[in-house]
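Take a look at the structure set out below.
Bear in mind these aren't lab numbers, they're just calculated from the coordinates by the rules spelled out. Note that the structure is predicted; figures quoted are calculated from it, not measured. Neighbour counts run over all protein chains shown; Cβ positions are idealised from the backbone, glycine included.
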Amino acid sequence: MKFKGIAFILFLLLFGIFLSVSSCKTTKKREDVSKAAKAYQNTTSYYNGYFNADELYQNSLMVLNQSYKDDYQKILPLYTYRAVASTKSVAQDLDKVVEKLSRVINLKRASEWVDDSYLLIGKAQYLKQDFEKAQKTFEYFSDEMNPAFKKSLAKAAKRKQIKLKKKQK
């Protein structure tokens, strides 16, 4: 009886080690990843990177909203964080947001949080009033993460291959 219990515990331990080792592999394509690896990538990218970056972003947004003072002699702004003259008080936190999310994007390509990370990077750059970088990030996000755009690129490449084959004949 004692041997069966020890063998079962040993089996669970080895299975857990195998599952954790096989889940750590990162690849460029989402399709090449096992379900266990994808679950691992989703969990670690959300709780290690995205969640902490989102908390920093929300905190920075709150600081900017609280630093604005209403001037009733002028038209009141709709978004008070945009009316703040200087974002230097939160610039360091917003740089950390971009850094954390860049790690998620580079290390956890198989996770479902890559597109959300790009979006939050653009929002952080916009909040920091770095409008050119924010525009480039949002353009990249809309081009890369849009499934219809990817399909149209694939169709265009296929048409080009067909035309090349016809010319070769």
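Equivalent ellipsoid semi-axes for the range 40-168, as square roots of 5 times the alpha carbon gyration tensor eigenvalues: give them largest first, rounded to whole Å.
Details: eigenvalues 286, 84, 21 Å².
Ellipsoid semi-axes (Å, largest first): 38, 21, 10.
From the phi of every residue in the range 91-107, what ³J(HN,Hα) in whole Hz does the Karplus formula 6.51 cos²θ - 1.76 cosθ + 1.60 yield, where θ is phi - 60° and glycine or proline is x?
So the Karplus estimates, Gly and Pro as x, are 4, 5, 5, 5, 5, 5, 4, 5, 5, 4, 6, 5, 5, 4, 5, 6, 9 Hz.
If each of ILE17 and SER34 carries a label point 7 Å out from its Cα toward its Cβ, how far apart are those two points in nm?
For the pair ILE17/SER34, the computed spacing is 1.6 nm.
What's the extension gain from LYS88 to ASN106 if we count 0.36 nm per residue and subtract their Cα-Cα distance? Provide the component values of the computation, followed by the final result.
Working: separation 18, 0.36 × 18 = 6.48 nm, distance 2.73 nm.
Gain in length upon complete extension: 3.8 nm.
Nearest 20 debye, what's the magnitude of the dipole of the range 32-90 about its Cα centre given +1 on Lys and Arg Cβ and -1 on Asp and Glu Cβ? The partial results should precede the final answer.
Details: 6 positive and 5 negative charges, 16 e Å.
Taking the Cα centre of the range 32-90 as origin, the dipole is about 80 debye.
Estimate the FRET efficiency between LEU119 and LYS167 by the formula 1/(1 + (r/R0)^6), using the beta-carbon distance for r and 41 Å for R0, to the nearest 0.05. Intermediate values should be presented prior to the final figure.
Values: r = 42 Å, r/R0 = 1.02.
With a Förster radius of 41 Å, E is 0.45.
Residue farthest toward the positive end of the dipole of the range 75-169, with Cβ of Lys/Arg at +1 and Asp/Glu at -1: which of ALA148, VAL104, THR87?
Checked the options; the winner is ALA148.
For the ranges 69-78, 49-58, 155-164, what's the packing order if you count other beta-carbon atoms within 10 Å of each residue, average per peptide, and put the highest first?
49-58, 155-164, 69-78
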